[in-house]
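K.L.:
Got a structure for you, written out below as structure tokens; questions coming shortly.
The values are calculated or read from the model by the stated rules, or taken from the named source; none is laboratory data. Model, not experiment: these values are computed from the prediction. Here the Cβ positions follow ideal geometry from the backbone for every residue, glycine too, while neighbour counts run over all protein chains shown. Ligands, DNA and RNA are excluded from the accessible area calculation, which covers all protein heavy atoms including side chains. Shrake-Rupley method; radii C 1.70, N 1.55, O 1.52, S 1.80 Å.
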Amino acid sequence: MKPDDFLKKATKPIYNGQVRSEVKEELRDCIEDLTEEFLSRGLTPEEAEERAVRQMGDAGEIGLQFHNVYRPKIEWLEVIWILGWAALIGGLKLSGILISPPISESDTGLRFVGILFLIVAFCDSAVEKYMDLPFLYAWAENWGGAGLGGLANASLFAAIGIGLWVRTFQQLVSLIVIVNIVLQFQRLSISRLRERKEQKYLWEIGVAEGDFDYQGKIKIDGDIKKVRMKRGQTAKKGEPLIITGIDGFVLLSENL
Amino acid sequence: MATDASLFSGSMTMLVLKLLEEKDMYGYEMIDTLCRKSNNVFEMKAGTLYPLLHTLVKQKCLESYEKEVNGKTRKYYRLTAVGKKLLETKQKVWREYSEAVVDIIGGAPNEA
């Protein structure tokens, strides 16, 4: 693999363009240093470059790791998802395919269902963010086997709500913008809270309150907190545990 | 010498922090130093090191800054107070662990 191909593949999953180019330059420097090292050992320029790239590791795996470090702040996938579905459903309604015109006289029931969907969407979105579920989590848990059920998430509910409620194209556009802003604000606030909790307890050491091998309680900084043990490890009452991260709002812990 | 990769990966954070305790370094310098100090036992893949460095920066264990050396701009990493604390914890855990292993398998090979 050529250095440029490697760099593209390894940095592609980084969403933020500025971070991506910085990481690219940093990795490029490393490839150049490695190439020089191999040249000094007597390899030809082509061989040295190839060895250097190989020495870097698997580009796809590196990209994935960087993606996890720099997760996007605004979840564009959600925004586009809402936009797409709301435009489709709203379009079907406004064009008279879903119900027969005049729309404003026959859509009372649909509007009511729309509001219900929007309420469910806001609650569900908070839960999804709280638990840090992946975007198409229902699909990931194999609800995909139940047909379109796999597509279910708060964003889809929000889009259905928007599509069923609106009566004009202008309302459709405004509501898509408003719902997206509110949902993103809600999700960002939740992830801020989680980051703050993680920062507070990360690498702190607490004491197990009892024996447990999956989830249990520890005393840390004078507080009692729920923790989840690393797979395969068990906690014994009174033993020290170190906090290594957070999953949803549950702290992750390991034996010392 | 063949090294068990899983043994190494668990302690990599500690080794990186330890290197930076001595002086600020850029990525490749860490790979090179670690390799020489360990007599080629620790051959760290760059692809493993850089995501780790960026994670540690996000966790405020490290800070990064740019500096020009021999006409080339390098990204240097510096250990923070949080990083020092983590290093102390990791070292303590590692010492206890390795002492326990030595207690069981015996000391240096020439004593065995």
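K.L.:
Quick one: how many residues across region B:57-82 are more than 10 Å from chain A (Cβ to nearest Cβ) and within 17 Å of A:Val23 (Cβ to Cβ)? Can you show your working first?
P.N.:
Residues of region B:57-82 more than 10 Å from chain A (Cβ to nearest Cβ): B:62-63, B:65, B:67-71, B:76-81.
With the extra rule that they be within 17 Å of A:Val23 (Cβ to Cβ), the set shrinks to B:62-63, B:65, B:76-77.
Residues that pass the stated criteria total 5.
K.L.:
Of the numbered conditions (1) open to solvent by less than 40 Å² (accessible area, probe 1.4 Å); (2) in contact (Cβ under 8 Å) with a residue 12 or more places away in the chain; (3) within 14 Å of another protein chain (Cβ to nearest Cβ); (4) part of a helix (DSSP H, G or I), A:Glu26 fails exactly one; give the number of that condition.
P.N.:
Failed condition: (2).
K.L.:
Sticking with this one: Scanning region A:81-102 for residues that are of a type in the set (A, V, I, L, M, F, W, C) and in contact with a Ser or Thr (Cβ under 9 Å, 6 or more places away or on another chain), which turns out surrounded by the most Cβ atoms within 10 Å (Cβ to Cβ)? If you could, list the steps in order and put the result at the bottom.
P.N.:
Let us first name the residues in region A:81-102 that are of a type in the set (A, V, I, L, M, F, W, C), namely A:81-83, A:85-89, A:92, A:94, A:97-99.
After this cut, where a residue has to be in contact with a Ser or Thr (Cβ under 9 Å, 6 or more places away or on another chain) as well, the list is A:81-82, A:85, A:94, A:99.
Working: A:Trp81: 21, A:Ile82: 27, A:Trp85: 20, A:Leu94: 18, A:Ile99: 15.
Filtering region A:81-102 for residues that are of a type in the set (A, V, I, L, M, F, W, C) and in contact with a Ser or Thr (Cβ under 9 Å, 6 or more places away or on another chain), the one surrounded by the most Cβ atoms within 10 Å (Cβ to Cβ) comes out as A:Ile82.
K.L.:
Of the conditions (1) at the interface with chain B (Cβ under 9 Å from one of its Cβ atoms); (2) touching a residue at least 12 places away in the same chain (Cβ under 8 Å); (3) farther than 25 Å from B:Val69 by Cβ, A:Asp58 satisfies every one except a single condition; which number is it?
P.N.:
Every listed condition holds for A:Asp58 apart from (2).
K.L.:
So, restricting to helices (runs of 4 or more DSSP H) that lie completely within region B:7-109, which ones have at least 1 residues that are under 30 Å from A:Phe6 (Cα atoms)? Show your work before the answer.
P.N.:
On the way: elements: B:27-37, B:46-58, B:81-105.
Passing ranges, in order: B:27-37, B:46-58.
K.L.:
Looking at region B:62-112, which of the residues that are farther than 29 Å from A:Lys200 by Cβ and among the hydroxyl-bearing types (Ser, Thr, Tyr) is least open to solvent (accessible area, probe 1.4 Å)? It would help to see each step written out before you state the result.
P.N.:
Of all residues in region B:62-112, those farther than 29 Å from A:Lys200 by Cβ come to B:66-74, B:98-112.
Then keep just the ones that are among the hydroxyl-bearing types (Ser, Thr, Tyr); that gives B:73, B:98.
Values: B:Thr73: 70, B:Ser98: 40 Å².
Across region B:62-112, the extreme among qualifying residues is B:Ser98.
K.L.:
Here are some conditions: (1) within 17 Å of A:Leu94 (Cβ to Cβ); (2) touching a Gly at 6+ places or on another chain (Cβ under 7 Å). A:Ser174 meets all but one. Which one does it not meet?
P.N.:
Going through (1) within 17 Å of A:Leu94 (Cβ to Cβ); (2) touching a Gly at 6+ places or on another chain (Cβ under 7 Å) one by one, A:Ser174 breaks only (2).
K.L.:
Looking at (1) more than 10 Å from chain B (Cβ to nearest Cβ); (2) more than 30 Å from A:Leu183 (Cα to Cα); (3) open to solvent by less than 60 Å² (accessible area, probe 1.4 Å); (4) touching a Gly at 6+ places or on another chain (Cβ under 7 Å), which one does A:Leu118 not meet, given that it meets all the others?
P.N.:
Checking A:Leu118 against (1) more than 10 Å from chain B (Cβ to nearest Cβ); (2) more than 30 Å from A:Leu183 (Cα to Cα); (3) open to solvent by less than 60 Å² (accessible area, probe 1.4 Å); (4) touching a Gly at 6+ places or on another chain (Cβ under 7 Å), the one that fails is (2).
K.L.:
If B:Gln91 satisfies every condition in (1) out of contact with any Phe, Trp or Tyr (no Cβ under 8 Å at 6 or more places or on another chain); (2) within 10 Å of another protein chain (Cβ to nearest Cβ); (3) touching a residue at least 60 places away in the same chain (Cβ under 8 Å); (4) not basic (Lys, Arg) but one, which is the exception?
P.N.:
The number of the failed condition is (2).
K.L.:
If you go through region A:194-218 one residue at a time, how many are open to solvent by 50 Å² or more (accessible area, probe 1.4 Å) and in contact with a helix residue (DSSP H, G or I) (Cβ under 9 Å, 6 or more places away or on another chain)?
P.N.:
Residues flagged as open to solvent by 50 Å² or more (accessible area, probe 1.4 Å) and in contact with a helix residue (DSSP H, G or I) (Cβ under 9 Å, 6 or more places away or on another chain) within region A:194-218 amount to 1.
K.L.:
List, please: which pairs have Cβ atoms under 8 Å, are six or more places apart or on different chains, and start with a residue in region A:211-240 that is closer than 20 Å to A:Lys200 by Cβ and in contact (Cβ under 8 Å) with a residue 12 or more places away in the chain and end with one that is of a type in the set (Phe, Trp, Tyr) and open to solvent by 50 Å² or more (accessible area, probe 1.4 Å)?
P.N.:
A:Arg228/A:Tyr214; A:Met229/A:Tyr214
K.L.:
Quick check: anything in region A:66-80 open to solvent by 80 Å² or more (accessible area, probe 1.4 Å), assigned to a helix (DSSP H, G or I) and within 14 Å of another protein chain (Cβ to nearest Cβ)?
P.N.:
Quick first cut of region A:66-80, residues open to solvent by 80 Å² or more (accessible area, probe 1.4 Å) only: A:68, A:71, A:73, A:76-77, A:80.
This time we only want the ones that are assigned to a helix (DSSP H, G or I), so: A:68, A:76-77, A:80.
Add one more test, that the residue is within 14 Å of another protein chain (Cβ to nearest Cβ), and what stays is A:68.
Among the residues of region A:66-80, at least one is open to solvent by 80 Å² or more (accessible area, probe 1.4 Å), assigned to a helix (DSSP H, G or I) and within 14 Å of another protein chain (Cβ to nearest Cβ), which makes the answer yes.
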